[in-house]
Amino acid sequence: MGHATRTGEGRLTGTTVVLAPEGGAVAAVDVRGGGPGTKETDALDPRNVVQRVDAVVLTGGSAYGLDAASGVMAWLEERGRGVRVGPGPAHVVPVVPAACVFDLGRGGDFQARPDAATGRAAVEDAAAGAPGAAVPEGCVGAGTGAVAGRLKGGVGTASTVLGSGITVAALVVVNSAGAVADPQTGALYGEFFQGRVAYPERAVHEAARRRLDEVASRTPLPPLNTTLAVVATDADLTKAQAQKTAGTAHDGIARAVRPVHLLHDGDTVFALATGARPLATADPSALNEILAAGADLVTRAIVRAVRAAEPVEGPGGAWPSYRELYGDGR
């Protein structure tokens with residue numbers, strides 16, 4: 001996974017790329033938001049011909065930012081990666097599904113948005129990453145200009161290894177119209193489902209509410225927001241099983257963001273399966289474990305994104321971070 005972050009000179013945006021192993025990964029998508037901005041998602045329908053993709057792009061810039069996928073496609077084409085459409089090694093068409101979040105103007109310049117060069121930078125960052133290296137979180141990549149309700153949003157990740165040895169991981173970009181914290185207590189909704197809720201002291205919460213009200217008076221937010229996620233596993237899943245994984249992962253968003261899937265949201269979840277580990281198909285609980293883990297990890301990743309985010313105040317507006325208002329709390 002790699003990021004390209006663009007800040008300064010009116011910019012507050014970026015692109016994040018999840019790069020599949022050589023040979024690609026089985027992919028699926030589930031779109032629940034009423035205002036999605038996506039590219040190549042129809043190709044992921046289990047009824048259609050494409051079986052594997054080489055990358056997934058998450059990007060800022062609203063629909064303009066989907067141009068970042070062109071840079072990723074060019075990078076893949078140069079390496080002969082994609083759907084083979086002719087006899088020569090260069091005769092490929094990379095299928096690069098993408099989804100965007102709305103962050104236009106948050107850095108001050110409405111026309112500052114990711115482009116093909118941003119996408120190329122993000123996929124190069126992904127290709128250069130060492131296996132097992134820590135993933136940058138917070139205000140990076142597609143989460144650079146993200147907002148979570150009235151708080152600063154960002155990128156978060158989480159992963160686990162199941163008892164079967166199968167790995168499941170989640171990457172999220174939290175840019176939600178809905179709130180991530182309970183307005184009565186300041187506790188993060190996502191932590192209600194992790195068994196370790198950190199309730200801020202009442203005085204701290206009251207000070208945070210005053211700060212948020214003051215900022216809201218200066219920074220009105222349009223209801224154009226989105227939470228994006230990629231749930232990936234090394235299990236050998238079919239496209240139909242991957243689509244089910246993407247669908248149930250939306251439960252993880254619903255636990256951590258309230259409300260979700262609104263008319264102006266573009267909430268979208270991709271699922272990737274590399275097929276490195278066989279799935280015990282005779283045991284229905286094997287797939288159920290992956291489905292449950294995907295939803296749980298999306299919730300955890302949203303919490304990590306909000307806690308990792310840093311405050312932003314500039315010409316495009318001001319968004320306090322959760323950590324700034326409430327401290328670490330862990």
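The values are calculated or read from the model by the stated rules, or taken from the named source; none is laboratory data. This is a predicted model, so every value here is computed, not measured. Cβ atoms come from the backbone with ideal geometry, glycine included; neighbour counts cover every protein chain shown. Side chains included, ligands, DNA and RNA excluded: accessible areas come from the protein's heavy atoms. Shrake-Rupley method; radii C 1.70, N 1.55, O 1.52, S 1.80 Å.
When segment 296-321 is filtered for residues that are part of a helix (DSSP H, G or I) and among the hydrophobic types (A, V, I, L, M, F, W, C), the ones remaining, listed by number, are 297, 298, 301, 302, 303, 305, 306, 308. Of everything listed in (1) surrounded by fewer than 16 Cβ atoms within 10 Å (Cβ to Cβ); (2) closer than 21 Å to residue 313 by Cβ, the single unmet condition for residue 101 is (1). All of (1) on the phi < 0 side of the Ramachandran plot; (2) among the small types (Gly, Ala, Ser); (3) modelled with pLDDT under 95 hold for residue 28 with one exception: (3). Quick one: is residue 144 surrounded by 23 or more Cβ atoms within 10 Å (Cβ to Cβ) and modelled with pLDDT of 95 or more? Spelling it out, residue 144 is indeed surrounded by 23 or more Cβ atoms within 10 Å (Cβ to Cβ) and modelled with pLDDT of 95 or more.
Evaluate segment 48-64: report whether one residue or more is farther than 28 Å from residue 248 by Cα, of a type in the set (Val, Ile, Thr) and open to solvent by 60 Å² or more (accessible area, probe 1.4 Å). Within segment 48-64 (the criterion being farther than 28 Å from residue 248 by Cα, of a type in the set (Val, Ile, Thr) and open to solvent by 60 Å² or more (accessible area, probe 1.4 Å)), the answer is no, since none of the residues qualifies. Scanning segment 248-259 finds one or more residues that are in a helix (DSSP H, G or I), touching a Leu at 6+ places or on another chain (Cβ under 6 Å) and either open to solvent by 10 Å² or more (accessible area, probe 1.4 Å) or under 26 Å from residue 23 (Cα atoms) (or both). Residue 245 satisfies every condition listed in (1) farther than 22 Å from residue 47 by Cβ; (2) hydroxyl-bearing (Ser, Thr, Tyr); (3) touching a residue at least 60 places away in the same chain (Cβ under 8 Å) except (1).
The number of residues in segment 311-328 that are charged (D, E, K, R) and surrounded by 16 or more Cβ atoms within 10 Å (Cβ to Cβ) comes to 1.
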